[in-house]
């Protein structure tokens with residue numbers, strides 16, 4: 001009596017099916033990755049829109065932006081010591097969901113149960129900064145991946161004696177011409193950045209600047225395909241190109257027509273921006 005065999009795939013047929021699946025995956029994965037990155041970029045702009053509302057509320061209540069690291073009680077900052085993190089606590093309520101760009105939501109170090117800083121292994125440009133020691137301006141354990149334009153603060157005049165910045169160049173409040181080209185809040189590797197038109201670009205995305213020089217490196221981070229999420233002083237949000245950062249009006253004396261720096265290899269593929 002002849003036994004009837006069950007029909008099944010041969011080895012060759014299985015290999016063909018696996019090859020087709022692998023081919024389809026190789027085609028779909030870049031598209032899925034691009035869609036995921038685009039979704040994160042949209043979420044980043046959504047976060048920045050919320051910050052725009054918070055800055056508007058702060059200015060409505062106090063007339064100026066916070067006073068910055070060197071603020072003091074008095075007419076220049078009604079809230080006293082005034083980095084944005086602590087000065088604006090009544091508006092953000094330590095909601096860390098809006099403190100972080102979705103592409104940089106994990107800090108490079110976190111506090112363990114004993115209060116010690118433990119590295120997480122995450123590095124720039126995909127790491128969030130962390131205020132691990134706590135200061136009079138920030139809450140211990142606070143973290144984020146956005147920063148404020150240092151030159152938007154409202155510092156007291158004696159700041160001239162402390163740093164190279166001149167207080168006449170600070171914006172202090174949002175009521176300026178071409179406010180849509182003045183950065184206010186953006187993706188950053190620290191709580192704030194104060195770029196100058198002579199700053200050099202980073203040798204690689206995530207290069208740490210030698211403070212207080214080349215602070216543009218704090219913002220020139222490739223988190224969104226050659227762009228950075230940014231809130232401008234008119235409360236608009238967009239993603240300027242990394243090379244465009246040298247064409248934004250960071251402070252009153254910032255020369256947007258200064259010759260472009262020599263771009264490193266990793267930035268050469270990005271769009272150039274004329275004067």
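Here are some notes:
- Protection proxy ranking, peptides 222-229, 86-93, average beta carbon neighbours within 10 Å, highest first: 222-229, 86-93
- Sorted on the mean count of surrounding Cβ atoms within 10 Å across their residues, most packed first, peptides 262-273, 175-186 read 175-186, 262-273.
Every read-out reported here was derived from the displayed coordinates using simple, explicitly stated rules and does not represent laboratory data. Computed from a predicted structure; not experimentally measured. Note: ideal-geometry Cβ built from the backbone for every residue, glycine included; neighbour counts use all protein chains shown.
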